[in-house]
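Written below as structure tokens is the structure these notes are about.
Values in this text are rule-based calculations from the coordinates and carry no lab data. Every value quoted in this text rests on a predicted model; they were computed, and no experiment measured them. Cβ sites come from the backbone with ideal geometry, for glycine too, and all protein chains shown count toward neighbours.
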Amino acid sequence: NAGVTQTPKFQVLKTGQSMTLQCAQDMNHEYMSWYRQDPGMGLRLIHYSVGAGITDQGEVPNGYNVSRSTTEDFPLRLLSAAPSQTSVYFCASSRHSSDTQYFGPGTRLTVL
Amino acid sequence: AQSVAQPEDQVNVAEGNPLTVKCTYSVSGNPYLFWYVQYPNRGLQFLLKYITGDNLVKGSYGFEAEFNKSQTSFHLKKPSALVSDSALYFCAVRADNYGQNFVFGPGTRLSVLP
């Protein structure tokens, strides 16, 4: 099993550009989530999904979109990048919402 | 509302000494409590969890944590620290109510000195 994979590992964007962060898991987990990690603030939940076709907002959803067309994939889209979105982004999955989460290796995003 | 506090940004301990990383929480309902560890430039790795049952939970790499309901705490402990334990540690909590998500603490950086 590859577990949770994320691409790309690093990305530099200019303000206003859009991009998609990819996340995939091969554990047949129903629950998937996106977090951003900023120094001194821990992980903050952006969006989550409890199954294919179902998504919902977390604590900091503004500026981000998600979709869940399959159980395996949960891409995160930045619509119009802003410097405030400079962060490290982690995708995670678990069997259900209260279970142990498995994290991907992260994407380090810089917005200039 | 759910919240997690990790009152220490940094914990320094000598190799071979016991270590404690503190976590206190606030939830409405019964808590699910987790500890994760993050090594440099890596994702978070699961260490241990408390769902129900014994208050003392044993996890990976010799770590354990004690759930204290009256003090709303879930401190992470290890009897003898290793230099390789140096990392960033996160406590996470969610209530057992339907529709809740996990809330993570700000993290505590543990440095084990040789």
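How far, in nm, would the chain grow between B:Val83 and B:Asn12 when pulled straight, counting 0.36 nm per residue and subtracting the alpha carbon separation?
Values: separation 71, 0.36 × 71 = 25.56 nm, distance 1.08 nm.
Separation in residues times 0.36 nm, less the Cα-Cα distance, equals 24.5 nm.
Collect residues whose amide H, placed 1.01 Å from N in the peptide plane, falls under 5 Å from the amide H of A:His47; neighbours closer than 5 in sequence don't count.
Result for A:His47 returns A:Trp34, A:Gly58.
Need one value for A:96-102: mean number of C-beta atoms belonging to other chains within 10 Å of its residues' C-beta atoms. Intermediate values should be presented prior to the final figure.
Values: counts 0, 7, 12, 4, 7, 7, 4.
Counting Cβ atoms of other protein chains within 10 Å of each residue's Cβ and averaging gives 6.
Please give the average number of partner chain Cβ atoms lying within 10 Å of the Cβ of each residue in B:41-47, rounded to a whole number.
Numbers: counts 5, 3, 14, 10, 2, 5, 1.
Other-chain Cβ atoms within 10 Å of each residue's Cβ, averaged: 6.
Semi-axes of chain A's equivalent ellipsoid from the Cα gyration tensor, sqrt of 5 times each eigenvalue, largest first, rounded to whole Å? Mind dumping the intermediate values first?
Details: eigenvalues 97, 37, 35 Å².
Computed over chain A, the values are 22, 14, 13 Å.
Would you mind computing, in nm to one decimal, how far apart the modelled labels at B:Tyr61 and A:Met27 are, each placed 7 Å from Cα along Cα→Cβ?
1.7 nm
Can you return the aspartates and glutamates within cross-link range of B:Lys77? Criterion is Cα-Cα under 17 Å, with same-chain partners fewer than 8 residues away left out.
B:Glu8, B:Asp9, B:Glu15, B:Asp54, B:Glu64, B:Glu66, B:Asp85
Calculate the mean, over all residues of peptide B:99-107, of how many other protein chain Cβ atoms lie within 10 angstrom of the residue's Cβ. Could the numbers behind the result be given before it?
Numbers: counts 3, 2, 9, 11, 5, 7, 3, 6, 6.
Taking the mean over all residues of the peptide, I get 6.
Which value in nm describes the separation of the simple spin-label points at B:Ala5 and A:Gln57, placed 7 Å from the Cα toward the beta carbon?
About 2.9 nm separates the two model spin labels.
Work out, step by step, the length gained on full extension between B:Lys69 and B:Ser111: first 0.36 nm times the residue separation, then minus their alpha carbon distance; give nm to one decimal. If you can, show how the numbers build up before the last one.
Values: separation 42, 0.36 × 42 = 15.12 nm, distance 2.83 nm.
Gain in length upon complete extension: 12.3 nm.
What do you get for Rg/Rh over the protein assembly as shown if you use C-alpha atoms and the Kirkwood form of Rh? Walk me through the numbers on the way to the answer.
On the way: Rg = 17.5 Å, Rh = 18.0 Å.
Reported Rg/Rh, Kirkwood definition of Rh: 0.97.
Roughly how many Å is it from the Cα centre of region B:47-78 to that of region A:71-96, as a whole number?
Comparing the Cα centres of region B:47-78 and region A:71-96, I get a distance of 30 Å.
Among the lysines, which fall within straight-line cross-link reach of B:Lys78, defined as a Cα-Cα distance under 19 Å, with same-chain neighbours fewer than 8 residues apart omitted?
Of all the lysines, those that pass the test against B:Lys78 - Cα under 19 Å, at least 8 places apart if same chain - are B:Lys22, B:Lys49, B:Lys58.
With each pseudo-label sitting 7 Å past Cα toward Cβ, what's the B:Ile51-A:Thr110 distance in nm, one decimal?
Result: 4.2 nm between the two label points.
Using modelled backbone amide H atoms (1.01 Å from N, in-plane), which distant-in-sequence or interchain residues come within less than 5 Å of B:Asp96's amide H?
Residues meeting the amide H criterion: B:Asn30, B:Tyr32.
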